[in-house]
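In what follows, a structure is listed as structure tokens, so that the remarks can point back to it.
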Amino acid sequence: MIKRLAMFLIFALVCVAAATADYTIVQETTVRGDTYTSETIITDEMVRTNSAESDTIVNSNTGQMTFINHREKNYWVTTLDELQEKLGAADEGGAVSSILQGIMGGDAEVEITKLDETRTIANYETQRYLVTMGKNFRFDLWVAPKLKVPATYYDGRKLPGAMAGPMGKQLEKLYEGMKEIGALSLASDSEMKMMGMTVETTTIATEVKTDPVPPTAFDPPAGYTLTDAPF
């Protein structure tokens, strides 16, 4: 659960920015000592994250989400409303929501502080920002000012976070704060405290492409089978 929660947060942070231009970002993520490479493709309407085991596609306009399983060579499609409904039913009594509420600091404000530190990542100069959400979650973001994004598109990035109940509410606060920055994050270093443990996660972009992305980049792989959602 801990590793999946950490990975969800990284996915949400990668999706913090949407594009005025198209972006293809190759990044390395390390969670609890395990490192893997993934690719994120971002356009005005779509975000796709590709990894060795699975892909996730989000349409920010419609709320439709596609989950691709490379091991089973299949995929399933759902919507934000459907997923929230099923997750709510699975969490009868609110036990999981209560845990997440504690982890994310309850109703604590999200604080974003610009620091006087820069760093070159994937040939782009980035600016460091410190972000805190309550007492249990903090991370550094390294934002590339030249990779501009409009404030209106941050609303679309709320979709992946919205399925996470109280965690999603905190992430919405994050996106509202990020609107003022208006640029793409190329790295993050996070520290999350839960169940008496501290989980550290790092992600860093190794390559950034700004070539136009064709619509076919968001299609499921040829030969994969459409299945019913697992819930």
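The values are calculated or read from the model by the stated rules, or taken from the named source; none is laboratory data. Computed from a predicted model, the values in this text were never measured in an experiment. Here the Cβ is made from the backbone with ideal geometry for all residues, glycine too, and neighbour counts use every protein chain on show. Heavy atoms of the whole protein, side chains included, go into the accessibility calculation; ligands, DNA and RNA do not. Shrake-Rupley method; radii C 1.70, N 1.55, O 1.52, S 1.80 Å.
Would you check if residue 24 is modelled with pLDDT of 85 or more, of a type in the set (Ser, Thr, Tyr), within 29 Å of residue 135 (Cα to Cα) and not in a loop (DSSP other than H, G, I, E, B)? Step through it out loud before you land on a result.
Details: modelled with pLDDT of 85 or more: yes; of a type in the set (Ser, Thr, Tyr): yes; within 29 Å of residue 135 (Cα to Cα): no; not in a loop (DSSP other than H, G, I, E, B): yes.
Taking the combined requirement at face value, the residue does not satisfy it.
Can you tell me which residue within region 194-231, out of those that are outside any loop (DSSP other than H, G, I, E, B) and under 28 Å from residue 85 (Cα atoms), is least open to solvent (accessible area, probe 1.4 Å)? Outline the logic, then answer.
So in region 194-231, the residues outside any loop (DSSP other than H, G, I, E, B) come out as 194, 197-209, 215-218, 225-226.
If we keep only those that are under 28 Å from residue 85 (Cα atoms) too, we end up with 194, 218, 225-226.
Details: 194: 7, 218: 25, 225: 79, 226: 107 Å².
Of everything passing the filter in region 194-231, 194 is least open to solvent (accessible area, probe 1.4 Å).
Do any residues in region 124-139 that are closer than 14 Å to residue 201 by Cβ have Cβ atoms under 8 Å from those of residues that are of a type in the set (Phe, Trp, Tyr) and assigned to a loop (DSSP other than H, G, I, E, B), where the two are at least six apart or on different chains, and which pairs are they?
Qualifying pairs under 8 Å: none.
Limited to region 36-73, what total is found for residues that are more than 22 Å from residue 184 (Cα to Cα) and loosely packed, with under 15 Cβ neighbours inside 10 Å?
Number satisfying all stated conditions: 6.
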